[in-house]
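Take a look at the structure below.
The values are calculated or read from the model by the stated rules, or taken from the named source; none is laboratory data. The structure displayed is predicted, hence computed values, not measured ones. Counting neighbours? That spans all protein chains shown, and the Cβs are built from the backbone with ideal geometry, glycine included.
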Amino acid sequence: MRSISVVLVLVAVAIANASITPKPHYDIDKAPELYEQYLKDYNKHYKDEATKNEHYLAFVKALKKINEYNAEPNNTAVFGLNQFTDYTEEEWRKMFPGFPTLAPAVSN
């Protein structure tokens with residue numbers, strides 16, 4: 001019985017903590033700095049500046065979409081950066097066929 005009580009307390013603490021933890025919001029004005037840190041964190045390298053810039057633009061679109069998703073009050077999921085954040089639409093479609101891309105839902 002004591003084990004069940006301990007488990008229930010731990011579950012309650014986890015639930016309470018999840019509701020207190022803020023969802024990330026990325027300052028789009030700081031996108032260049034965020035991108036440079038992202039490149040370091042995920043060890044990303046590109047063949048030339050044009051390709052790097054193409055991925056930067058995809059990264060900014062993704063930041064906007066992440067902010068949009070995290071701002072939805074009824075959405076309990078937490079969105080953030082990962083190794084796919086700078087994927088272009090073409091790369092996204094190739095890697096995840098049939099899965100929707102972020103770009104169509106993002107407004108400029």
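Odds and ends about this structure:
- Total residues in region 42-70, condition in a helix (DSSP H, G or I), of a type in the set (D, E, K, R) and surrounded by fewer than 11 Cβ atoms within 10 Å (Cβ to Cβ): 1
- Being part of a loop (DSSP other than H, G, I, E, B) and at pLDDT 85 or above is a property that does not hold for Gly98.
- Within region 83-103, the residues that satisfy the criterion of being free of Cβ contacts under 8 Å to residues at least 40 places away in the same chain and closer than 17 Å to His55 by Cβ are Phe84, Tyr87, Thr88, Glu89, Glu90, Glu91, Trp92, Arg93, Lys94, Met95, Phe96, Thr101.
- Of the candidates Lys40, Lys30, Lys65, Lys47, the single residue that is in contact with a helix residue (DSSP H, G or I) (Cβ under 8 Å, 6 or more places away or on another chain) and modelled with pLDDT of 90 or more is Lys65.
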